[in-house]
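**Q** Sharing a structure, written as structure tokens. Questions coming.
Every number in this text was worked out from the coordinates using simple rules, so none of it is lab data. This one's a predicted model, so the numbers in the text were calculated from it and none came from an experiment. We place every Cβ from the backbone using ideal geometry, glycine too, and count neighbours over all the protein chains shown.
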Amino acid sequence: MYTKIPAYLYERGNITKLILFTAIFALLFINIFQPFNSRGWYPNISEFKYFFFSSLIVLVGMLVIVVSRFIMLSYTKTHMITYWQYGVWILSEIIAMSLFYSLFAKFIPEKGAQREFVEIFQQSTINTSLILLLPYAMSWLYFSWREKNTLLEEMSKEEPESETHKRNLIAFPDEKGELKISIILDNLLYIDSSDNYATIHYLNKSKLSHYLIRNSLKWMEENLTINSPLVRCHRSYIVNLDKVKVLRKTKEGIFLEMDAMNTPDIPVSKTYYERVMTKFSK
């Protein structure tokens, strides 16, 4: 009950949009449905003059909303508005506008004097509620949808960047689990091994570099190739398929040409051929 209303309901830009939309809605409403018996106010004028006078009356009545929302904007700078306060605020706007239209309908047109003020005020309250509550509800739904859509867009931008960063930065620990080097996936070319050591070949400022680490190729295969373009293609090699330029089949076997200068062709053994082709096709 004491929950604060969303900030988008009293943002300056949204208040301006609300006032403009409500004014347009009120103009269409009073000229299409002709509430308050307004067409009888001026029985002897043309449709154009009726539109002009009725529009002028609506716009004068909308000054109530302009003043009300200006006060709300100033009030929210130092205070919060809860849902029930916001409801009372809207009710006050309806009563104020109804009173204005009732006084106009009673004393300005000649036929207004024949009706009781209470009757006019009751009908005016119903019509004013339609004029205000419908555009208010539509605006609220639009602002809410836009706010949620903006949040989703921000989340969709932030989350992939974070996930991409985690995927693209490959960490290489030694056999004791101590981190030795981290390499951006796009710079990683291939890894070869000898006994319990592995040599990581990568690009550093467009130059071919390598780093020797004490760890097994089996551990790297089990921990680094899942959901990544890294694949074991030989008992001595793990290759980054994203950096493969050509897959070449010769009499001597199958070889992978890397998309980097001064790199050897990487062999693909029969044991790992199906695995490489499956991942290569994806």
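**Q** Round to the nearest 0.05 the FRET efficiency obtained for SER281 and HIS210 when R0 = 30 Å and r is the Cβ-Cβ distance.
**A** Given R0 = 30 Å and the Cβ-Cβ separation, E is 0.55.
**Q** Please give, to one decimal in nm, the separation of the simple spin-label points placed at GLU11 and PHE52, each 7 Å out from Cα toward the Cβ.
**A** 4.0
**Q** Going by average Cβ neighbours within 10 Å, how do the peptides 251-259, 90-98, 78-86 rank, with the highest at the top? Spell out each step's value before the answer.
**A** Working: 251-259: 15.0, 90-98: 17.8, 78-86: 12.6.
Descending mean neighbour count gives 90-98, 251-259, 78-86.
**Q** With all pairs of different alpha carbon atoms counted, what Kirkwood hydrodynamic radius in Å does region 174-281 show?
**A** Details: mean 1/r = 0.0708 Å⁻¹.
That comes to 14.1 Å for region 174-281.
**Q** Sticking with this one: Just from its helices, what would the mean residue ellipticity at 222 nm be for the chain, if runs of 4 or more DSSP H residues each count -39500 (n - 2.57) and the sum is divided by every residue, rounded to the nearest 500 deg cm²/dmol? Please list the in-between numbers first.
**A** Numbers: 6 runs with 147 residues, N = 282.
The helix contribution divided over the chain gives -18500 deg cm²/dmol.
**Q** Output wanted: per-residue J couplings in Hz (rounded whole) for region 193-206, from phi through Karplus 6.51 cos²θ - 1.76 cosθ + 1.60, θ = phi - 60°, x for Gly and Pro.
**A** 9, 8, 6, 9, 10, 10, 10, 9, 9, 8, 9, 10, 6, 6
**Q** Which FRET efficiency value, to the nearest 0.05, is calculated for SER194 and GLU252 with the Förster distance at 22 angstrom and r the Cβ-Cβ distance?
**A** E(calc), rounded to 0.05, equals 0.55.
**Q** Let me ask something else. Apply the Karplus parameterisation 6.51 cos²θ - 1.76 cosθ + 1.60, with θ equal to phi minus 60°, to every residue of region 236-252 and state each ³J(HN,Hα) to the nearest whole Hz, in sequence, with x for glycine and proline.
**A** 10, 9, 10, 10, 8, 4, 5, 9, 7, 8, 9, 9, 10, 10, 10, 5, 7
**Q** Right, next: Taking the 0 to 90 degree range and rounding to the nearest ten, how far is the long axis of helix 83-107 tilted relative to the main principal axis of the chain, both from C-alpha atoms?
**A** Roughly 30 degrees, rounded to the nearest 10.
**Q** Right, something else. Per-residue HN-Hα couplings for region 60-68, Karplus 6.51 cos²θ - 1.76 cosθ + 1.60 at θ = phi - 60°, whole Hz, x for Gly and Pro?
**A** Calculated HN-Hα couplings, in order: 5, x, 5, 4, 4, 5, 4, 5, 4 Hz.
**Q** Once you put a point 7 Å from the Cα of ILE32 and another 7 Å from the Cα of TRP84, both along the Cβ direction, what distance in nm separates them?
**A** 3.7
**Q** Please compare each pair in LYS180/LYS205; LYS207/LYS270; LYS243/LYS282; LYS249/LYS282 to a cut-off of 21 Å on the Cα-Cα distance and tell me which ones are over it.
**A** On the way: LYS180/LYS205 19 Å; LYS207/LYS270 32 Å; LYS243/LYS282 14 Å; LYS249/LYS282 19 Å.
Beyond 21 Å between Cα atoms: LYS207/LYS270.
**Q** How would you rank VAL246, VAL231, VAL66, VAL268, going from fewest to most other Cβ atoms within 10 Å of each one's own Cβ?
**A** Working: VAL246 10, VAL231 22, VAL66 15, VAL268 25.
In increasing order of surrounding Cβ atoms, one gets VAL246, VAL66, VAL231, VAL268.
**Q** Between LEU189 and residues 5 or more places away or on another chain, which pairs have amide H atoms under 5 Å apart, with H built 1.01 Å from N, and which residues are they?
**A** Hits under the 5 Å cutoff: HIS201, TYR202, LEU203.
**Q** Let me ask you something else. So if each residue of separation counts as 0.36 nm, and I subtract the Cα-Cα distance between THR76 and LEU130, what length gain in nm does that give? Walk me through the intermediate numbers first.
**A** Details: separation 54, 0.36 × 54 = 19.44 nm, distance 2.63 nm.
Going from the current span to full extension adds 16.8 nm.
**Q** Sketch the reach of a paramagnetic label on GLU178 as a point 7 Å from Cα along Cα-to-Cβ, and name the residues of region 209-243 whose backbone nitrogen lies under 16 Å away.
**A** The answer is 212-216, whose backbone nitrogens lie closer than 16 Å to the label point.
**Q** With a sphere of radius 15 Å drawn around the Cβ of MET72, what net charge do the other residues whose Cβ falls strictly inside it have (Lys, Arg +1; Asp, Glu -1)? Intermediate results must be reported in sequence, preceding the final value.
**A** On the way: positive: LYS4, ARG12, LYS17, ARG69, LYS77; negative: GLU11, GLU93.
Its environment carries a net charge of +3.
**Q** If I model a spin label at MET138 and SER228 as a point 7 Å from the Cα along the Cα→Cβ vector, what separation in nanometres do I get?
**A** 5.5
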